[in-house]
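Here the structure comes first, spelled out in structure tokens, and everything after it is commentary.
The values are calculated or read from the model by the stated rules, or taken from the named source; none is laboratory data. What you see is a predicted model, and the numbers here were worked out from it, not measured in a lab. Ideal geometry is used to build each Cβ from the backbone, glycine not excepted, and the neighbour counts take in all protein chains shown. Calculation scope for accessible area: heavy atoms of the full protein, side chains included, ligands and nucleic acids excluded. Shrake-Rupley method; radii C 1.70, N 1.55, O 1.52, S 1.80 Å.
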Amino acid sequence: MAARGQRPTPPRGAEEPAPPHATGPREFFTVRTVSEALAGFRPPGRTHVESVAVDNALGRVPAEALTARHALPGFARATVDGFAVRAADTYGASEGLPSYLDVAGEVHMGEPPEVEVRPGTAVAIATGAPLPPGADAVVKVEHTQAATSELLEILRPATPGEGMVRADEDAASGSELVPAGRPLRAQDLGMLAAAGLVEIPIHARPRVTIVSTGDELVPADCAFLATGQIRDATAPALAALVREAGGEPHFAGIVPDDREALASKLRAALGESDVLVVSAGSSVGARDETAAAIASLGEPGIWCHGLAFRPGKPTLLADCGGVPVIGLPGNPRSALVVFRLIGMPIVRQVGGCIDPPPEPTVRARLERDLPSAAGRLDVVQVQLKDGEAVPLFGSSSLLSILTAADGYLVVPEAATGLAAGSEVEVTLYR
Ligand code: AMP
Ligand code: MG
């Protein structure tokens, strides 16, 4: 990490001297790097644990590791259609010199075996049926041939364990089926169902309240705009990112640029929120009003006011009585980029997620040089064209850059830029 990113992290809530480029009242202005924020901003609040039916648990976060109450599948099973045998009886078998075994009967699907495999015998078995006592392998039907209705030719040798799974091969009794903190995937639900776990302890979805601020904002359903008015574009997009992070968004409305109105809206929202998100009010002048309103919500209070991040410098993070409060830049593009990078991990963390699903990425060749200041992390939207990542530039106010982008790349804090032709990792927008 470069010099500017190396300032030591003070304990949460501690005051840090204002950097020389700060403006406005000093007490709030604490600039951090993105890595400091991701590693160090950890309000303690977590959602409560509720019981959820496995059928409804896709994407939900188990509050504890879920373990097998008994071995799975629970009995040794055939994995091929054929004949259960003693492997030793098949040693040396070949098409030219088969082993001959007496067919002692068959096992039926879904029922305990009624026959045993004694030396010199075989028992017919279908995929998934329980192995009869005495058998230690299943020979595929294709590797056998009926000599008579009761006599079987084995054309290839079987090794012990072939054509079958052990009684505890999918899960030993007491073993972990899915870990705590990893959102459940389709296959996890299948495993839990196989284990007979139908109701599981799950973290409640974090309730994320979204507040938009600005005298110029009107709701999206406003058909006609007076000059100067704009529709609130950020709130619905943030709500979608909240859902993607496993949270439940609640829109608390648009608040005018008024410190008291904002403070009272935030105070009312805080008690019913696991995470509180305020967008805009980050321009010089308004910034300190927003910071003051957030600072009034509770201790330990503001953790950083300003991120060494483009586009997202005017980001504010606070811990108000254990509830994370995120102040986002006003420009919708910046707000969404910051929320994806900083806000979504916070929502996941509050919802008990410790192992988020990896983002889809592709590697591409950078089409042109990308300069960046050392100590600052840059997120750059790109289009992918014939294996090249083509950066999209424009004002942070332009949402069209996000809608045109296939994904984004990150110029890390330590880098002073990326050279044209270098290989970059592009995170895809889903
Ligand atoms: P501010 O941080 O309040 O100075 O806002 C910066 C810019 O973002 C201004 O041009 C605002 O009009 C714009 N902006 C703020 N909030 C929103 C929003 N919810 N939707 C669209 N644009 C917004
Ligand atoms: Mg504003």
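Here are the numbers for this structure:
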{"item": "Cα-centre dipole for the chain with unit charges at Cβ (Lys and Arg positive, Asp and Glu negative), debye to 20", "result": "1680 debye"}
{"item": "Rounded percent of accessible protein surface that carbon and sulfur make up, region 51-199, 1.4 Å probe", "result": "51 percent"}
{"item": "Order of exposure, largest accessible area first, which applies to F224, F251 with probe 1.4 Å", "result": "F224, F251"}
{"item": "5 angstrom amide H check on R207, placed H, neighbours 5+ away", "result": "E248, D274, V275"}
{"item": "Between 0 and 90°, nearest 10: helix 286-295 axis offset from the chain longest Cα axis", "result": "60 degrees"}
{"item": "20 Å-binned pair-distance histogram of the chain (Cα, whole percent)", "result": "22, 38, 21, 16, 3"}
{"item": "Ellipsoid semi-axes in whole angstrom, largest first, where each is sqrt(5λ) of the Cα gyration tensor of region 72-204", "result": "37, 14, 11"}
{"item": "Region 356-421 versus region 314-352: alpha-carbon centroid distance in Å", "result": "21 Å"}
{"item": "Stokes-Einstein D in µm²/s, Kirkwood radius over Cα pairs - region 384-430 at 37 °C with 0.692 mPa s viscosity", "result": "273 µm²/s"}
{"item": "Relative packing of peptides 32-44, 334-346 - highest average C-beta neighbours within 10 Å first", "result": "334-346, 32-44"}
{"item": "Degrees separating the helix 259-270 axis from the principal Cα axis of the chain, which is the longest one", "result": "20 degrees"}
{"item": "For the chain, built as a Gaussian network whose Cα springs stay under 10 Å, the top-fluctuating residue of E162, E199, E289", "result": "E162"}
{"item": "Efficiency of FRET between L38 and D258 - r from beta-carbon atoms, R0 41 angstrom, step 0.05", "result": "0.80"}
{"item": "Within straight-line cross-link reach of K313, aspartates and glutamates at Cα separation under 15 Å, skipping those fewer than 8 residues along the same chain", "result": "E36, D288, D378, E413"}
{"item": "Principal-axis tilt of helix 234-244 within the chain, Cα atoms, nearest 10 degrees", "result": "20 degrees"}
{"item": "Rh (Kirkwood; distinct C-alpha pairs) - region 65-104, Å", "result": "13.6 Å"}
{"item": "At R0 = 25 Å, FRET efficiency that the Cβ-Cβ distance of R365 and T403 yields, to 0.05", "result": "0.60"}
{"item": "Over the chain, relative contact order from alpha-carbon pairs under 8 Å, at least 6 apart, %", "result": "17 percent"}
{"item": "Fraction in percent of alpha-carbon pairs per bin - 10 Å, region 347-409", "result": "18, 38, 31, 12, 0"}
{"item": "Cα-based radius of gyration of region 312-430 once divided by 2.2 N^0.38 Å, which approximates compact folds", "result": "1.13"}
{"item": "Solvent-free Debye scattering, log10 I(q)/I(0), computed from the Cα coordinates of region 176-229 at q = 0.13, 0.21, 0.31 Å⁻¹", "result": "-0.57, -0.86, -1.29"}
{"item": "Whole-number percent relative contact order across region 167-267, with pairs defined as alpha carbons under 8 Å at least 6 apart", "result": "28 percent"}
{"item": "Dimensionless Rg/Rh of region 47-145 - Kirkwood Rh, Rg from C-alpha atoms", "result": "1.25"}
{"item": "Candidates P300, P130, P206, ranked by Gaussian network fluctuation over the chain, Cα under 10 Å, top entry", "result": "P130"}
{"item": "Solvent-accessible surface (1.4 angstrom probe) belonging to Y91, in square angstrom, nearest 10", "result": "140 Å²"}
{"item": "Charge tally in the Cβ shell below 10 Å around G128, where Lys, Arg are +1 and Asp, Glu are -1, G128 excluded", "result": "0"}
{"item": "Rounded accessible area per residue of the chain, 1.4 Å, Å²", "result": "46 Å²"}
